[in-house]
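The block underneath contains the structure these notes are about, expressed in structure tokens.
The values are calculated or read from the model by the stated rules, or taken from the named source; none is laboratory data. All values derive from a computational prediction rather than experimental measurement. Positions of Cβ are generated from backbone atoms using ideal geometry, with glycine treated the same way; all protein chains shown enter the neighbour counts. Ligands, DNA and RNA are stripped out before the accessible areas are found, and what is left, the full protein with its side chains, is counted by its heavy atoms. Shrake-Rupley method; radii C 1.70, N 1.55, O 1.52, S 1.80 Å.
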Amino acid sequence: MSFERTQEKLKILADAAKYDVSCSSSGSNRNNTNKGLGDATGMGICHSYTEDGRCVSLLKILLTNHCIFDCAYCVTRKSNDIKRAAFQVQEVVDLTINFYRRNYIEGLFLSSGIFKSADYTMERLVAVAKKLRLEENFNGYIHLKSIPGASDELMKEAGLYADRLSVNIEIPTKEGLKLLAPEKNREDFLKPMLKVKNEIIQYKSEKHIIKSTPKYAPAGQSTQMIIGASGETDQQIMWTSNYFYEKFNLKRVYYSGYIPISYDSRLPQIGTDVPMLRENRLYQTDWLMRFYGFKVHEIVNNEHQNLDLDVDPKLGWALRNMEHFPVDVNKADQLMLARIPGLGMKSVGKIIQARKFRKLNWEHLKRMGVALNRAKYFLVCDSRDFERRDLTGPQLKSIILQNSTSKYQKILSPQLNLFE
Ligand code: SF4
């Protein structure tokens, strides 16, 4: 294989992989063993940020962009007139090792179009990971896409070599999937996810008894949903996420604003804005559910099916539920403190510690780094003045928006710009 041809393939297959955002590698703890190559401990996302804010890089490619399916929202769909390419298993292994040795990457994110069948494709993805681990002694991070419909045996093998596995459910609702990818079946996504979940549980419990039990997908599994391609509400999206977190113990659900790539009348037309701000609000809501004790129905429900774009979901909830405020920071429990706009979990922890020794006032809160420009309307402390002065939710919203132009009126980065 000539160098030029490999380069051309790399260009095509790296470009095709860029639509997948589900490549966070945080959470893995595969250590370098036996003088091998790489160390996946604490590594992160392809040219993006880990949950602790570090930027890392992965070789992010498809094995092939040939596909037997014709999902309307996908650039790789079989009816799309694009250049196609496919790597051999050994080529991906060689590229990964070469890039790693040159310090270009810290791991591999490997996905694929489906060629011939789900198993035929999955077998090759697993073969790449297996060769890297067993023949090249590679201990860097590996994230493999699970191919919907792949057999249990292949899914079981995949988790023995990959740090993270993910199946993209792509479209948040069954109806949307039927409309845009009628050949696909939701069960085909769920089956490998369930297998991976069960294997993770089983391997973990065996490890308690037999120390030499290998790790199975130590960074867990994740999925991705495309947002804005099929007319779903934020309420539907968040209930879908909630279902996947609860039913399959997912580490993360990723939200990817649909990038118009076709003139298909079922989809937003080319030139339509990518819903970046909506994507950001969904990440924030996801964060509230996972770390702040919010339930889906509190943030999105039949009366409020879509998230506010002008304020973050925690502030939006507070403004619609003013009867819960003001919260007394010297008395409230952790859950209620976490609901005060402007207070992140770090500040909540500091407040709970500090109030053991003294009653807290504005000055104390300021020194702790609480964002008082918002929080002051929602709390009372050991100071006289209370900033809300019987304002209604809409009045307060207008004051906060006027005073917070930079925070609420610019388009925010889609990930990780969450709560203070
Ligand atoms: S099966 Fe996957 S790669 Fe193939 S068209 Fe559908 S979304 Fe794209």
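Taking the C-alpha atoms only, the angle from helix 118-130 to the longest principal axis of the chain is near 90 degrees.
Across the accessible surface of segment 313-412, with the other protein chains kept in place and a 1.4 Å probe, carbon and sulfur atoms take up 50 percent. Rounded to 0.05, the FRET efficiency of the residue 323 and residue 79 pair, given R0 = 56 Å and the Cβ-Cβ distance, is 0.55.
Counting 0.36 nm for each residue step from residue 7 to residue 273 and taking away their Cα separation leaves a gain of 92.6 nm. For segment 222-267, the solvent-accessible area of protein heavy atoms averages 35 Å² per residue (probe radius 1.4 Å; ligands and nucleic acids excluded).
In the complete set of protein chains, residue-level accessible area for residue 336 is approximately 50 Å², probe 1.4 angstrom. With contacts defined as alpha carbon pairs under 8 Å and 6 or more residues apart, what's the relative contact order of segment 3-292 in percent? Dividing the mean separation by the residue count of segment 3-292 yields 17 percent.
Dipole magnitude for segment 296-405: computed about the Cα centre from +1 point charges on Lys and Arg Cβ and -1 point charges on Asp and Glu Cβ, it is near 660 debye. Relative to the dominant Cα principal axis of the chain, helix 152-161 is inclined by about 80°. Using Cβ point charges alone (K and R +1, D and E -1), the dipole size of the chain about the Cα centre works out to roughly 1140 debye. Only protein heavy atoms count here; under a 1.4 Å probe, residue 215 has an accessible surface of about 70 Å². Loop-located trypsin sites (Lys or Arg not before Pro) across segment 51-112 with a Cβ neighbour count of 13 or fewer within 10 Å are 54, 83, 102, with loop assigned by DSSP.
Solvent-accessible area assigned to carbon and sulfur over segment 3-292 amounts to 52 percent, based on a 1.4 Å probe. Note on residue 160 and residue 390: the model spin-label points, each 7 Å out from Cα along the C-beta direction, lie 7.2 nm apart.
Note on the chain: antiparallel DSSP beta bridges, both residues inside, total approximately 15 percent of the bridges counted. The modelled label-to-label distance for the pair residue 152/residue 353, using points 7 Å beyond Cα in the direction of Cβ, is 4.8 nm.
Accessible surface for segment 289-388, divided over its residues, is 49 Å² per residue with a 1.4 Å probe. A simple spin-label model places pseudo-atoms 7 Å from Cα toward Cβ; at residue 134 and residue 265 they are separated by 5.3 nm. Between residue 190 and residue 178, full extension at 0.36 nm per residue minus the direct alpha carbon distance yields a gain of 2.8 nm.
Of the GluC sites (Glu not before Pro) found in segment 268-374, those in coil by DSSP whose Cβ has at most 13 other Cβ atoms within 10 Å are 303.
At R0 = 51 Å, how high is the FRET efficiency between residue 207 and residue 331 if r is their beta carbon distance? Nearest 0.05 is fine. The calculated FRET efficiency here is 0.75.
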